[in-house]
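*Asks:* I have a structure I would like to understand better, so I am pasting it below and will then ask my questions one at a time.
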Amino acid sequence: MAEKMSPSPGGGITPLQQMLASGTGAILTSLFVTPLDVVKIRLQAQRTPFSKGEALLCNGDAAVSSGKCFLYCNGLMDHLYVCQNGNGCTAWYKAPTHFTGTLDAFVKITRYEGIRSLWSGLPPTLVMAVPATVIYFTAYDQLRDYLHARMGSWGHSIPLLAGAIARLGAVTVISPLELIRTKMQSRQLSYRELRICIQSAVAQDGWLSLWRGWGPTVLRDVPFSALYWFNYELVRSWLCRQAWLDEATFMVSFTSGAISGTVAAVLTLPFDVVKTQRQIELGDSEVHPVAASKPSSTWLLMQRIRAESGTRGLFAGFLPRVIKVAPACAIMISTYEFGKSFFQKLNQERQLRGL
């Protein structure tokens, strides 16, 4: 735990090693945080059973209409989970007994369904989270080092700018994959049928139709990323000065990640509410393509939420979001920094042996 790490994100390691470190971090984060979200979803399902066709809540900030889909969000990634008339959701909505709270749910799910049930949402997370995280963290490190080399100093604007651009690129690359996965879930398509479906969608609405939902995602994730990296570098430097450290330790990275993730999550909460609403609209349009209405703009969605729930509605789900985002950010960044430190030492040893 006391092992020191280099404060320079990309110093001394290759992009491939950065990708390995970030991929490992994404897997470990998903393993740790997935049980929290599985329990949360099961508790929500108990309050609003699927069979009643009532609304479910994700993060406490948006309703899922008609009980056809819900958001699985573990702090690292959000995934729209689409169910046709409740089919295919038995692993998520089995209720062998009544849960009285979070701890009770953990105990009873483990006792009656086996400990593996706590990771029942892991596959869709890994499919999307690992490539997205690899692109995002590697792009951030490369951009940060590039901007540092061009500007010649470690200004506060560098992590702000690098974080925003890296997240914009990752969201743009992953967005079509998320739409394709949603289509496969909603209609149980084969790969051949999926190709035909995508071709017809592109022919009808153009290539930009593959990036539906991109706008609200960018509106939330880009400010979140800029704020996160800005605060992370700031807090990490401050903690190192307070502890008289030349380099950040594992615990310094862990604490800095938790604090910066919490601040960014709170400040971007209204955009998270809007993004959730848009994802639900997207899921409903896949389940009911004929009856689907034209997606609302981000501004109209914010106005609707404010009219229905007041300004507080834009900040709903504060606690559930922070509870997931803070540990996810802490585990992800500390694992990533540890991985980079490992590769830096490995490269140094190889250089020494080569002399």
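*Asks:* So, R0 is 35 Å and r is the distance between the beta-carbons of GLN199 and ILE115; what FRET efficiency does that work out to, to 0.05?
*Replies:* Efficiency computed from Cβ-Cβ geometry: 0.25.
*Asks:* Using the structure shown, select from LYS275/LYS340; LYS108/LYS324; LYS108/LYS275 the pairs with a Cα to Cα distance greater than 27 angstrom.
*Replies:* LYS275/LYS340; LYS108/LYS275
*Asks:* Take each of the peptides 156-163, 109-116, average the number of other beta-carbon atoms within 10 Å over its residues, and list them starting from the highest.
*Replies:* 156-163, 109-116
*Asks:* Applying a 10 Å radius around every beta-carbon, put 222-228, 127-133, 236-242, 98-104 in order of their mean neighbour count, most first.
*Replies:* Per-residue mean Cβ counts within 10 Å order the peptides as 222-228, 127-133, 236-242, 98-104.
*Asks:* Given +1 on the Cβ of Lys and Arg, -1 on the Cβ of Asp and Glu, and no further charges, what dipole in debye does segment 204-283 carry about its Cα centre, rounded to the nearest 20?
*Replies:* Roughly 140 debye for segment 204-283.
*Asks:* A further question follows. Check which residues have an amide H placed less than 5 Å from THR249's amide H, if you skip close sequence neighbours.
*Replies:* When sequence neighbours closer than 5 places are left aside, the close amide H contacts are MET5.
*Asks:* Which value in Å is the Kirkwood Rh of segment 139-178 over different Cα pairs?
*Replies:* 10.6 Å
*Asks:* Estimate the FRET efficiency between GLN303 and ILE180 by the formula 1/(1 + (r/R0)^6), using the beta-carbon distance for r and 25 Å for R0, to the nearest 0.05.
*Replies:* The formula returns an efficiency of 0.20 here.
*Asks:* Follow-up question, since we're still on this one. Would you please give the FRET efficiency between HIS98 and THR311, computed as 1/(1 + (r/R0)^6) with r the Cβ-Cβ distance and R0 = 30 Å, to the nearest 0.05? All intermediate terms of the calculation are to be shown ahead of the outcome.
*Replies:* Details: r = 35 Å, r/R0 = 1.18.
Once rounded, the FRET efficiency stands at 0.25.
Read-outs throughout are calculated quantities, based only on the coordinates presented, and are distinct from any laboratory measurement. Please read these numbers as outputs of a predicted model, since none were measured by experiment. When we count neighbours, we look across all protein chains shown, and the Cβ atoms used for this are built from the backbone with ideal geometry, even at glycine.
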